[in-house]
Amino acid sequence: MTARADELAANLATVRDRMARACGEASRDPGEVDLIVVTKFFPASDVRVLADLGVTDVGENRHQEAEAKAAECADLGLRWHFIGGLQSNKAAAVARYADVVESVDRVKLVAGLDRGAAERGRDVEVLVQVSLDGPGAEHRAGVDPAALLDLVEVVVGADHLVLRGLMAVAPVGVDPADAFARLAAMRADVLTRAPEATWLSAGMSGDLEQAVQAGATHVRVGSAVLGSRPQVK
Ligand SMILES: *Cc1c(COP(=O)(O)O)cnc(C)c1O
C-alpha cells in the first residue's frame with residue numbers, strides 16, 4: 001500500500017471503531033449506522049483508495065467538483081451523496097449523477113431535481129435538510145422546522161424522487177446532543193406523513209457519537225478520515 005493508503009486505512013479504522021463504540025453505548029446494532037466519507041477538496045485518487053478499503057458511500061458539497069469526481073470514479077460503483085448548498089438552476093444537473101441528494105431545503109429545488117432524475121431514467125433519493133439553528137439565529141442552510149412538513153409533501157409528490165428522511169448539521173456553539181434530539185423529534189413528525197422516510201443523516205467528525213446516540217442512521221465524516229481540508233476561499 002502507498003503511504004496515503006496506509007493513512008486512510010488507519011483513519012478509517014479509527015472512525016469505524018468510534019462508530020461501533022457509540023452504537024454499543026446507545027445499545028444499537030452497528031449495522032444500523034452507515035458511514036458516508038466526505039471527500040470534498042480531496043482528489044479522485046483518494047476516492048479510489050477509499051473504495052478499495054471498502055467505502056461504499058461518498059459525500060460532496062460542490063456541484064462542479066462532485067460532477068467531475070463522480071465521472072472520474074464511475075467505474076467504482078459508489079453511491080454519491082450531494083450534501084452541499086444547492087442552486088435551483090443546478091438541481092437538475094446534480095440529480096444526473098447524485099444517488100442521494102441530502103441538502104433539499106426548499107420547494108424551489110424539487111422540480112429541477114425531479115426533471116434531472118427523469119432524464120437520467122432513475123429515481124433519486126432525497127433527504128430534506130432542516131435547520132437546527134435556534135429562533136433568531138443567523139440563517140444557515142436547512143428548512144425552518146415550521147416549514148418542514150410542507151416541503152415533505154412536495155418531495156413526496158415528485159414522481160422521480162424518493163424521500164428517505166432528514167439531514168442536519170449541528171450549529172456551532174450549541175450542544176450537538178440537544179440539536180440532534182430536536183432533529184429526532186422532527187423525524188418522528190415526518191414519519192407520520194412518510195413512514196418510509198426513516199433515514200437520519202447527522203453527525204460529522206466532531207460529533208458522530210452524539211448523532212448515533214440520537215438515532216442517526218448515517219454519519220458524514222470528512223476530516224477524521226482524509227485529514228484537514230486545504231484552507232481555500
Ligand atoms: C464537510 C461536511 C461534512 C464533514 O465534515 P467533517 O467535520 O470534516 O467531518 C459533513 N456534512 C456536511 C454537510 C459537510 O459540508
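Label points 7 Å out from Cα along the Cβ direction at D144 and A181: separation in nm?
Between D144 and A181, the label points sit 2.5 nm apart.
What's the carbon and sulfur percent of the chain's accessible surface, probe 1.4 angstrom, rounded to a whole number?
Carbon-and-sulfur percentage of accessible area, whole number: 51.
State log₁₀ I(q)/I(0) for the range 95-233 at q = 0.15, 0.21 Å⁻¹ as given by the Debye formula over alpha-carbon point scatterers of equal weight, solvent excluded.
-0.75, -1.26
For the range 89-167, state which GluC sites (Glu not before Pro) are in a DSSP loop and have at most 12 other beta carbons lying within 10 Å of their beta carbon.
Working: sites: E102, E119, E125, E138, E153; in loops: E138.
Answer in residue order: E138.
Of P30, P176, P43, which has the largest mean-square fluctuation in a 10 Å C-alpha GNM of the chain?
In this elastic network of the chain, the residue with the biggest mean-square fluctuation among P30, P176, P43 is P43.
Using only Cα atoms, what is the ratio of the radius of gyration of the chain to 2.2 N^0.38 Å?
On the way: Rg = 17.0 Å, N = 233, 2.2 N^0.38 = 17.5 Å.
Output field value: 0.97.
Along the charge dipole of the range 3-224, pointing to its positive end and built from +1/-1 on Cβ of Lys, Arg, Asp and Glu, which listed residue (P176, G165, P30) has its Cα farthest out?
G165
So how strong a dipole does the range 1-116 carry about its Cα centre when Lys and Arg Cβ are +1 and Asp and Glu Cβ are -1, to the nearest 20 debye?
420
Take every Cα pair under 8 Å in the chain that's 6+ residues apart, average their separations, divide by the length, and report that relative contact order as a whole percent. Present the calculation step by step, with values, prior to reporting the outcome.
Working: 426 pairs, mean separation 46.0, N = 233.
Computed value for the chain: 20 percent relative contact order.
Using R₀ = 25 Å, calculate the FRET efficiency as 1/(1 + (r/R₀)^6) where r is the Cβ-Cβ separation of V172 and R4; round to 0.05.
0.25
Springs between alpha-carbon pairs under 10 angstrom, Gaussian network model over the chain: which of A216, A26, A146 fluctuates most?
A146
Could you tell me, in Å, what Rg and Dmax come out for the Cα atoms of the range 189-233?
Expressed in Å, the Cα Rg and Dmax of the range 189-233 come to 14.1, 42.
The values are calculated or read from the model by the stated rules, or taken from the named source; none is laboratory data. These numbers were taken from a predicted model, which means no experiment stands behind them. All Cβ positions, glycine included, derive from the backbone under ideal geometry; neighbour counts span all protein chains shown. We work out accessible area using only protein heavy atoms, side chains counted, and drop any ligands, DNA or RNA first. Shrake-Rupley method; radii C 1.70, N 1.55, O 1.52, S 1.80 Å.
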